[in-house]
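A quick write-up on the structure given underneath.
The values are calculated or read from the model by the stated rules, or taken from the named source; none is laboratory data. What you are looking at is a predicted structure, and each value in this text was computed from that prediction instead of being measured. We place every Cβ from the backbone using ideal geometry, glycine too, and count neighbours over all the protein chains shown. Side chains included, ligands, DNA and RNA excluded: accessible areas come from the protein's heavy atoms. Shrake-Rupley method; radii C 1.70, N 1.55, O 1.52, S 1.80 Å.
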Amino acid sequence: IWINGRKNIWKYFDGNIAHFEAKMRFGKDVDIWKSVYLNPIYREDGSIREVSGIAHDITQRRKSEIALLESEEKFRTIFESFQDIYFRCRLDGTITMISPSVHELTAYETYEVIGKDITNYYLYDKKTKNLIRHLVKNKRVRNFEATVIKKNGKLIPCICNVRLVGNLSGKSTEIEGVVRDITKLKETTRALQKAKDLAEQSLRAKEAFLANMSHEIRTPMNGVISMIDLLGDTTLNVEQADYVQTIKHSSETLLTILNDILDLSKIEAGKMKLHKTALPIRHVLDKLYNLFAQQASFKNILFRYLVDEGVPQNLWIDETRLLQIMSNLTANAIKFTEEGEIIIRIENVTKNSKKTGAGTGLTLKVSVQDSGIGISKKDQQELFKNFNQVDPSTSKKYKGTGLGLSIARQLTRLMQGDIGVTSTPGKGSIFWFTFIAEEAQAEAIVKTTNEEPISVFTDITPKILVVDDNAINRKVVSELLKKSGCNVTLASSGEDAIRWVQQQPFDVIYMDIQMPKMDGIEATRRIRALNLPQTPPIVALTAYSLPGDKEKFVKAGLDDYMAKPIRKNIITKTAALLGYGVEDASAEVEKPVTLEVINWEILQSLEKYGGKELVLETLQEFELEAKELLSDTAAAMKKNDYPQILSKLHTLKGNAGTLGLERIAHYAKLIEGNLKEQKTIHLNRDFKILKTEFSEFRNTYNQSMTKTNKQHV
């Protein structure tokens, strides 16, 4: 203080008053600020005797002031370097503050904008009108898209975040917000959308190609497989029958694998799903052996398979996918082996159990060992790539697309496994893959018959119209239907089909989809437009078999769908459509093996609490009531009175379930569920099964009563 004020110190003795602030330093780094007041002290004669000084510590205040200045400077720096536009305006729209970045976006200077109405600078429309409404209601609006008007009139897409701000009393006085230019984002979005549209267009083109390829390949395959079925029904000696059976198994496996090869888009998109069933693993290996034993024999190859002791007898597996991988590896082994040995081995290599969706999974390893030409280490690295071939030359000895191992690799990954190879040139190869599977209990194995019996119509002669532009397909379907007792009319085009339905009635129409001039969907539409007295069920009979095809055809107006190649299942399909042939294989498959005609444990429980007389009386009443309910249902079916059918079957289902009559309750529930979903195509068939189950109940019940009465006697 004295250093700064020494030159002027005598002026304070002239009566001047001084006030100043000074910084004092104590030690090396301690600064203290003082507010100093200097006042003269007068004698009685008015002269100044001395000067008094008062100093106040204002260090904290000065620090606050300095911090405020620094904060303001920081805000100013941020505000001036802001890339987005920050603004404030009054509630009437008058702009009170705006960042300098407004010039970069709109070419306006800040002084040209401040004090002006904000509506002059954006496109006012219905959307921005709703913005004000939302802002008033919610106090804040985020990510709102608006269009800012540039000085030259150009429109700029922007995204805004705005909110209401208030004074200390909490009353809203201003609107503040941030505006960001999203022109580049919009351009990027449009480019991505264009790329997405092109990708979807490419995918649709690929799906169309696959569908057409499926149709073209399936047409001759239909002739091969169906003619094999017909040949198998002729008189053959043992050797011929064995050959036919081998051809049949091979063609069916070829068709199954063909389905996946044609649907490459599904594999690439990762949409392929496993469909697991409980099967004996030797059942799969037997199929594999039957498929390739003859090929191995022709090349003097010893072909066998081994199952290690640690492998469970029954497994939950996707047989088709597993067989597809093993078939590919086995076919390659046979292709590259000239005399020698091929061994298929499956072993349990589980180290740490892996938890799957349903339980604990086992890691199983399948290896295919051959004594063929072997593969070099360099070529081994290229084996599992798409369309790769070890020998790409035009004069190569071994043919193939190079796609099989790539598909096998993707399928093993789907099974949570891996695939690989070890090989020595000239000594052979071992291709192996692993997969995760769960052990299955013996009772989980579904026993099915290998052949579907042909239902024979004896008391009626169904009139069937078969529409197909392919002569082989017409012949195959015609022969199968004629063998069952049907009267078959053939049409080679949609136009022929329309002429035939106008000349005579039919019970069922099987309609090919892809035909020249008029396809099956258009033919179906025109047949329905004829408003015939009774339009028969029209079933799509087509080589298309891609995911979603069935739903597409049903939506287009057809009643049902069958994929080629056609086998004897067309007979059971016809029987089902006509409500005939309950004894056929299709009906038996639907019968639940665990359901009982009468669950005696439930009746014993009722007897325990109500007595035997109550049980007997209830069963007698049920028999009479169920007979009446079934009769009423049959009458309602003739009138297509579905609400009445639902009412009767609902009562029957409840009564049967209470008494433990499981099969009756099951089929009543099945029909009820189908009707609720407006599925009526199998109504006649399912109702016949229900009546059959009621008859079995009466027989079982009456036999039980007879036995009980004899015991009492």
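Given the conditions (1) modelled with pLDDT of 90 or more; (2) farther than 23 Å from residue 216 by Cβ; (3) surrounded by 18 or more Cβ atoms within 10 Å (Cβ to Cβ), report the number of the one that residue 462 does not fulfil.
(1)
Scan region 671-700 residue by residue and report those that are assigned to a helix (DSSP H, G or I), in contact (Cβ under 8 Å) with a residue 40 or more places away in the chain and open to solvent by 40 Å² or more (accessible area, probe 1.4 Å). Give the steps one after another, and end with the answer.
Filtering region 671-700 down to residues assigned to a helix (DSSP H, G or I) leaves 671-676, 683-700.
This time we only want the ones that are in contact (Cβ under 8 Å) with a residue 40 or more places away in the chain, so: 683-685, 687-694, 696-698, 700.
Listed by number, the residues that qualify are 684, 688, 691, 692, 696, 698, 700.
Could you give me the residue pairs with C-beta distances under 6 Å whose first residue belongs to region 226-243 and is over 19 Å from residue 474 (Cβ atoms), whose second residue is open to solvent by less than 80 Å² (accessible area, probe 1.4 Å) wherever it lies, and which are 6+ apart or on separate chains?
Pairs found: 232/244.
Residue-wise test of (1) small (Gly, Ala, Ser); (2) farther than 17 Å from residue 147 by Cα.
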{"position": "64", "(1), (2)": "yes, yes"}
{"position": "88", "(1), (2)": "no, yes"}
{"position": "98", "(1), (2)": "no, yes"}
{"position": "108", "(1), (2)": "no, no"}
{"position": "114", "(1), (2)": "no, yes"}
{"position": "123", "(1), (2)": "no, no"}
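Any residue that is without any contact (Cβ under 8 Å) to a residue 40 or more places away in the chain, exposed (fewer than 14 other Cβ atoms within 10 Å of the Cβ) and under 37 Å from the mean Cα position of the chain (by Cα) - is there at least one of those in region 150-166?
Scanning region 150-166, I find no residue that is without any contact (Cβ under 8 Å) to a residue 40 or more places away in the chain, exposed (fewer than 14 other Cβ atoms within 10 Å of the Cβ) and under 37 Å from the mean Cα position of the chain (by Cα), so the answer is no.
At pLDDT 65 or above and of a type outside the set (A, V, I, L, M): is that true of residue 393 in this structure?
no
Counting only residues that are under 24 Å from residue 573 (Cβ atoms) and either open to solvent by less than 50 Å² (accessible area, probe 1.4 Å) or more than 38 Å from the chain's Cα centre (by Cα) (or both), how many does region 634-662 have?
4
Scan the helices (runs of 4 or more DSSP H) fully inside region 75-153 and keep the ones with 1 or more residues being closer than 14 Å to residue 178 by Cα and among the β-branched types (Val, Ile, Thr).
Where helices (runs of 4 or more DSSP H) fall fully within region 75-153 and carry at least 1 residues being closer than 14 Å to residue 178 by Cα and among the β-branched types (Val, Ile, Thr), they are 102-106.
Identify, by number, the condition in (1) in contact with a Lys or Arg (Cβ under 7 Å, 6 or more places away or on another chain); (2) modelled with pLDDT of 75 or more that residue 560 doesn't meet.
(1)
Being open to solvent by less than 90 Å² (accessible area, probe 1.4 Å) and under 18 Å from residue 176 (Cα atoms), is that true of even one residue in region 48-70?
The answer is no; no qualifying residue exists.
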